[in-house]
Amino acid sequence: MKVKIKIDDDYQIFDYDGDLNISVITLLEKLDIPIEYSCSCLQGICGACAMVINSEPKLACKTFLNEERMVIEYNQITIEPLSKFPLVKDLKVDRSILFDAMTECELWLENDSEYNPKDLDFEYEMSLCLMCGCCTEVCPNYKLGDFVGAPAAVSASKLVNQESDEEHLKNMKKKYKKRFFSHCVKSISCEDVCPMEIPTQRAISKMNRKSVWRIWQLMNLD
Amino acid sequence: MVDIIVVGAGIAGLTASIKAGDNGANVSLISPDYSERSQSVMAMGGINAALNTKRENDSTDQHFTDTLNGGCKINNEKAVEMLTSDAPQIIDWLERIGTSFSRDANGNVDMRNFGGQKKKRTVYAGSRTGKQIVSALVSSCRKRETEGKIKRFVGYRFLSLIFTDENECCGINCIHEDTQELRSFIGDAVIIATGGYNSLFGKILGSTQNDGFATAKLFTQGVRLANLEMVQYHPTTVKTPQKRMLITEAARGEGGKLFVMKDGKPWYFMKDFYPELADLMPRDVVSRSIFKVSDGGKKDVYLDLTHLDEYTVKVKLDEVYEICDKYLNLDPLKTPIPIFPAVHYFMGGIQTDENHKTNIKGLYAAGECSCQYHGANRLGGNSLLGAVHGGWISAENAVLEKPKGNVINSIDEELESFKSYAPKDKSLQDTLSEISQIMNDSMGIYRNEGDLMAALDRLDNLDINVNAKYYDYLKVKLLVILSKASILSALERKESRGAHQRTDYPESDDRYKKSICAMYDDGEIVIT
């Protein structure tokens, strides 16, 4: 099998003839080449190893060679770093801007969390965001700039449920409107690639209802 | 104002930072990566607290007793008393900062059964409890970052402690992983929250990032370690093409049962061995039982969830279902899961008292790297609790520190060492594999003097001149020292207790009802 890895803007090609029932991260280990990438949990719960595999952003530890169409049909795999963040080296990128955006959007609680039984499952799902950057990779609107991307919307949709401080709620919604709503064209491609299968569409529509569509607020429907 | 340095951004480090910030400190939170990448997010099953909302007449006293019994009575009793009596307050705090715990029909946080405890005492959030707690702590920490109480430094790895001329700890030296920049952080106290020393045993269940560097370096700088021989083998782990992965104890807490085939039929052996708690015996006991019935791993042992309902398996045990589906291609509702014990947790580590102080003034440790709560075997659900509690208590005490001596700046020494290091030829991966092979060969579920002595000999003869970056180059040398200290501790404990089972000393012996301590004195490992 041909393994194409993007290193310093160039594609380097390696041969691999071993077992195909392995993940991309194990493939990188087996190639035994000095190549840098991030990893931590090796089981799909930390988000470190997100990279672009055969043109799709995925977690390398959860992506198996024998499930990849390009491997099955064309006997090849292409591995690239996420393209929207500054490159550190090889397959490692600097995602700090994603984390900074969470702070800029004031994503925290001022008061003690409120418990709403009907929202518990939703809040649980929204807390699963790995901050891996798969969603921003496929987003047609995300580039380094004012738009904060789906992770901020996902986190906000949980926190506006839990927050009772009116002033802070207002600020969170204001930031959402400015830094998310006014940039997102609702392609919802983020939902297709989220490795935790977070229903980002629900998060976004909830935030739009709460922050933008005043009719919902006036009717107190949400 | 007091300056606190926290090393590690998992649950213990986050809690320590938040609590130190709330107690008026300026906090520098230093970690190789963001909290979302920490091992804490991998904790599945739950967090223990005797909330007594299940009409089972539970109490913090019973939690205390179960923890001591589970730890075979070599836990620090004072520390366990604080841990268990503070537990309900910790759950309350985690709820208030927004952790989405699962709830029961009455709206109370739900609790499930866990090993070594007769009462339902393990609060949970699906089977992603660690991830949910980290998510809430990160938001909470973010607020304090904006208020200027906490400053995060991401990408830095710990290199060494900095002392005053009165031997107080007052800072750390670090290296930035990407830029190789060396940097000092000076403060009034240091809290180490760097997790377990996974790399000693290779690619184990936890994070690849918890490498044991900090624990080993602290040891060489005069910090006392304890109970290094106490390594927990989690009973139910599965072999995947990637690594061994954990099937949470919650699977047995929700009714899962272990069996082995005998005379053509499944034999649910735990019920026969231990009629009262059966599959929910403490982990050391379950792991030994599996080892026995499988004839040391020759026969397959299974975890059976096929009799459980779909909601329990797919929702309450969501992470278990996902691991089976994604990595084993197996539906646990239809097929029993083949399991075997594997290294999971280190009860031993940096010895701390009930206030999380080490033997060095100004130096604290919290979370898995610190040793006091769990004795010879940790109960499931007590690690998340210990991490939050340790972070909290260490912060409350650390903010009272004020070093008296003058800082001895050691960054120049580090710089000198960095400049003079010359990578050699040997493969880093091969060397790390050799270390882990030696440890796995000698420090298994059952140990004996012959294997342990042979391991020491192999470590002495290991070529450690590796071709690696500065940090990894140092790490290999340090891991060999820590491995030796662990083996010497195992040799010293001439008895069987909890996770430490000696085939040549199969009984427990009251003379060893204590911690085995390790110190590093002038290049020599001294065990007491």
Quiz prompt | Boolean, A:V160 is more than 18 Å from the chain's Cα centre (by Cα), crowded, with 16+ Cβ neighbours inside 10 Å and either part of a helix (DSSP H, G or I) or not assigned by TED's automatic domain parsing to the domain that holds A:N111 (or both) | solution = yes
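Show me the helices (runs of 4 or more DSSP H) found entirely inside region B:203-301 where at least 2 residues are under 29 Å from A:C41 (Cα atoms).
It comes to B:213-220, B:250-253, B:283-293.
If you go through region A:27-44, how many residues are out of contact with any helix residue (DSSP H, G or I) (no Cβ under 9 Å at 6 or more places or on another chain) and either surrounded by fewer than 18 Cβ atoms within 10 Å (Cβ to Cβ) or within 11 Å of chain B (Cβ to nearest Cβ) (or both)? Before the answer, list the steps.
So in region A:27-44, the residues out of contact with any helix residue (DSSP H, G or I) (no Cβ under 9 Å at 6 or more places or on another chain) come out as A:28, A:30-31, A:33-34, A:36.
Now narrow it down to the ones that are either surrounded by fewer than 18 Cβ atoms within 10 Å (Cβ to Cβ) or within 11 Å of chain B (Cβ to nearest Cβ) (or both): A:30-31, A:33-34, A:36.
Adding up the residues that qualify gives 5.
Restricting the search to region A:80-100, which residues are small (G, A, S) and either touching a Phe, Trp or Tyr at 6+ places or on another chain (Cβ under 9 Å) or within 10 Å of chain B (Cβ to nearest Cβ) (or both)?
Within region A:80-100, A:S96 is the sole residue that qualifies.
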Exercise. Working only within region B:5-37, note down all residues that are over 15 Å from B:S394 (Cα atoms), crowded, with 24+ Cβ neighbours inside 10 Å and hydroxyl-bearing (S, T, Y).
Key: B:S31, B:S35
Quiz item: Which one of A:K84, A:K2, A:K58 is within 30 Å of B:T99 (Cβ to Cβ) and not hydrophobic (A, V, I, L, M, F, W, C)?
Solution: A:K58
Practice problem: Look at region B:140-177 and say how many of its residues are at pLDDT 95 or above and within 14 Å of chain A (Cβ to nearest Cβ). | Solution: 19
Quiz item: Do the conditions hold for B:I438, that is, is it touching a strand residue (DSSP E or B) at 6+ places or on another chain (Cβ under 8 Å) and assigned to a helix (DSSP H, G or I)?
Solution: no
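With the requirement that a residue be hydrophobic (A, V, I, L, M, F, W, C), farther than 19 Å from A:C132 by Cα and without any contact (Cβ under 8 Å) to a residue 40 or more places away in the chain, what does region A:56-82 give you?
A:M70, A:I72
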Practice problem: May I ask you to list pairs of residues, at least six apart or on different chains, whose Cβ atoms are under 8 Å apart, with the first in region B:17-42 being within 17 Å of B:S140 (Cα to Cα) and away from chain A (no Cβ under 13 Å) and the second being of a type in the set (D, E) and in a helix (DSSP H, G or I)? | Solution: B:K19/B:E396; B:N23/B:E396
Quiz item: Taking the condition modelled with pLDDT of 95 or more, more than 9 Å from chain B (Cβ to nearest Cβ) and surrounded by fewer than 20 Cβ atoms within 10 Å (Cβ to Cβ), does A:E67 pass?
Solution: no
Quiz item: Checking A:I53 against (1) free of Cβ contacts under 8 Å to residues at least 40 places away in the same chain; (2) more than 14 Å from every other protein chain (Cβ to nearest Cβ); (3) surrounded by fewer than 19 Cβ atoms within 10 Å (Cβ to Cβ), which test does it fail?
Solution: (3)
Quiz prompt | Residue in region B:395-410 that is assigned to a helix (DSSP H, G or I), surrounded by fewer than 20 Cβ atoms within 10 Å (Cβ to Cβ), among the charged types (D, E, K, R) and touching a residue at least 60 places away in the same chain (Cβ under 8 Å) present | solution = yes
Quiz prompt | Conditions (1) among the β-branched types (V, I, T); (2) over 20 Å from the mean Cα position of the chain (by Cα); (3) within 9 Å of another protein chain (Cβ to nearest Cβ): number failed by A:I77 | solution = (3)
Quiz item: Which residue pairs have Cβ atoms closer than 6 Å, lie 6 or more positions apart in sequence or on different chains, and pair a first residue in region A:107-130 that is closer than 15 Å to A:P199 by Cβ and more than 7 Å from chain B (Cβ to nearest Cβ) with a second residue that is surrounded by fewer than 20 Cβ atoms within 10 Å (Cβ to Cβ) and not aromatic (F, W, Y)?
Solution: none
Quiz item: What is the residue count in region B:280-329 for residues that are of a type in the set (A, V, I, L, M) and either surrounded by fewer than 16 Cβ atoms within 10 Å (Cβ to Cβ) or in contact with a Phe, Trp or Tyr (Cβ under 8 Å, 6 or more places away or on another chain) (or both)?
Solution: 8
Quiz item: Which ones in region A:60-77 are farther than 18 Å from A:E29 by Cβ and touching a strand residue (DSSP E or B) at 6+ places or on another chain (Cβ under 9 Å)?
Solution: A:M70, A:Y74, A:N75, A:Q76
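The values are calculated or read from the model by the stated rules, or taken from the named source; none is laboratory data. Since the structure is predicted, the reported quantities are computational estimates derived from the model, not experimental observations. Every residue, glycine among them, receives a Cβ derived from its backbone with ideal geometry; neighbour counts consider all protein chains shown.
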